[in-house]
Amino acid sequence: MKQSRKNFLKTSGVIAAGTIVASTPVSSFASTIIKNKGSKMKFSFKPYTLELKHVFTVAVNSRTTTPVMLTEIEYEGIKGYGEASMPPYLGESQETATKFLSKVDLSQFNDPFEMEKILDYVDSIDEKNTAAKASVDIALHDLVGKLMNQPWYKIWGYDKTKTPYTTFTIGIDTPEVVKQKTLEAAEFKLLKVKLGRENDKEMIQTIRSVTDVPLTADANQGWKDKHYALDMINWLNEQNVLYVEQPMPKEMIDENAWITQHSPLPILGDESIQRLNDLIKMKDVYSGVVIKLMKCTGMREANKMLNLARALNMKVMIGCMTETSCAISAASQLSPMVDWADLDGALLIKNDPYEGMKVIDGKVTLTDYPGIGLKS
Ligand code: MG
């Protein structure tokens, strides 16, 4: 259901006065769609485009923007905020999210505290669409936390002082640029390096020429031979690398398991482990898991994965996409319980409409604002 011009102006005005900084142009929210206006929980969503500070290069392409959807659930005058971040290579878009979110009908629920029931319903609407589902999950968590007047790390009983340092990713570039970016990242206690290309050792050596901070490595399925991968991991171990993400393609289960068995470093499944069920299947293949809200449908399932991984004695890293402080603050609520965090997503954008978790001296630093921790 498309909203009327009148509603658009009304909604944008409320948002501009509430959580969006003054410099954010209202025209960014040109197509807010409001669902279920007559029901107790009013759900709305709108596309937004994140502008990156620097060109972002991954193995397949380069880009300067990331499409997201911003969501809201309003209940008795209180608003919860959510977000879906959809980097193009993961298969979701503002079009697919609009289609999915248009089907979400919260009018059948009267009580936002029925979170399991509501989020089971959202998950059942369609397959996949994990980021779109996360945008509802995060908004509902924000709302319920605000109704309880507590942040989620407290509701879950996690210790705010136990938050980890976040890694900061040094993008693939020429040695001169890599050196410069490494020097600029002096605030961070851990740097992340994308590997899985021809010049892996050169990237590491270039960074090592200017800093000795611990590194983490993400091969993004880029290594195609298990012996080559293990040789690289042994070499990385000598370079003070702490763990390696997704050494080989996710389909190569036996090879990844063999690497985990022989590796001196923890091997984390990322592309291999999207949701809770994947974690159950892959528990003997990897020694750790990368949990991301956009992969696993949000905070509810992320917390289940975190606790299952802990019970299985697996390492846990919490990661992100390029996201605003909304989804990053939501993920940060879980961070006191993880081994490592890669929550630099909001630091990479120019037009963050929210204020929430901050990285201070390289450390994930939670706010005491209720819900997901956004300043309102
Ligand atoms: Mg990864």
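Filter the stretch 269-281 for residues that are in contact with a helix residue (DSSP H, G or I) (Cβ under 8 Å, 6 or more places away or on another chain) and within 16 Å of the ligand (Cβ to nearest atom) and give the result.
GLY269, SER272, ILE273, GLN274, ARG275, LEU279
Does any residue in the stretch 168-186 that is free of Cβ contacts under 8 Å to residues at least 40 places away in the same chain come within less than 7 Å, Cβ to Cβ, of a residue that is assigned to a helix (DSSP H, G or I) and among the aliphatic types (A, V, I, L, M) six or more places away or on a different chain, and which pairs are these?
Matching pairs, first to second residue: ILE170/VAL178; ILE170/ILE207; VAL178/MET203; VAL178/ILE207; THR182/ILE207.
Would you check which residues across the stretch 213-228 are assigned to a strand (DSSP E or B) and in contact (Cβ under 8 Å) with a residue 60 or more places away in the chain and list them?
Answer for the stretch 213-228, where residues must be assigned to a strand (DSSP E or B) and in contact (Cβ under 8 Å) with a residue 60 or more places away in the chain: just THR216.
How many of the residues in the stretch 282-304 are more than 14 Å from the ligand (Cβ to nearest atom), at negative phi and not hydrophobic (A, V, I, L, M, F, W, C)?
Adding up the residues that qualify gives 7.
Which residues, taken from the stretch 123-151, are without any contact (Cβ under 8 Å) to a residue 60 or more places away in the chain and surrounded by fewer than 22 Cβ atoms within 10 Å (Cβ to Cβ)?
SER124, ILE125, ASP126, GLU127, LYS128
The rows are residues; the columns are (1) surrounded by 19 or more Cβ atoms within 10 Å (Cβ to Cβ); (2) within 28 Å of ARG63 (Cα to Cα).
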{"position": "LEU312", "(1), (2)": "no, no"}
{"position": "SER329", "(1), (2)": "yes, yes"}
{"position": "LYS350", "(1), (2)": "no, yes"}
{"position": "THR365", "(1), (2)": "no, no"}
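Considering (1) assigned to a helix (DSSP H, G or I); (2) modelled with pLDDT of 95 or more, say which one ASP126 fails and leave the rest.
Condition (1) is where ASP126 drops out.
Per-residue answers, yes or no, for (1) outside any loop (DSSP other than H, G, I, E, B); (2) on the phi > 0 side of the Ramachandran plot:
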| position | (1), (2) |
| --- | --- |
| VAL122 | yes, no |
| ASP137 | yes, no |
| LEU143 | yes, no |
| TYR153 | yes, no |
| LYS179 | yes, no |
| ALA186 | no, no |
| LYS192 | yes, no |
| GLY196 | no, yes |
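Assess whether MET317 counts as being within 16 Å of the ligand (Cβ to nearest atom) and crowded, with 23+ Cβ neighbours inside 10 Å.
So MET317 passes the test.
Restricting to the stretch 226-259, count the residues that are more than 16 Å from the ligand (Cβ to nearest atom) and at positive phi.
1
Taking the residues in the stretch 199-225 that are farther than 17 Å from VAL178 by Cα and surrounded by 16 or more Cβ atoms within 10 Å (Cβ to Cβ) as candidates, determine which candidate is nearest to the ligand (Cβ to nearest atom).
So, considering only residues that are farther than 17 Å from VAL178 by Cα and surrounded by 16 or more Cβ atoms within 10 Å (Cβ to Cβ), the one nearest to the ligand (Cβ to nearest atom) is ASN220.
The values are calculated or read from the model by the stated rules, or taken from the named source; none is laboratory data. Just so it is clear, the structure is predicted and the values come from calculations on it, not from any experiment. Every residue, glycine among them, receives a Cβ derived from its backbone with ideal geometry; neighbour counts consider all protein chains shown.
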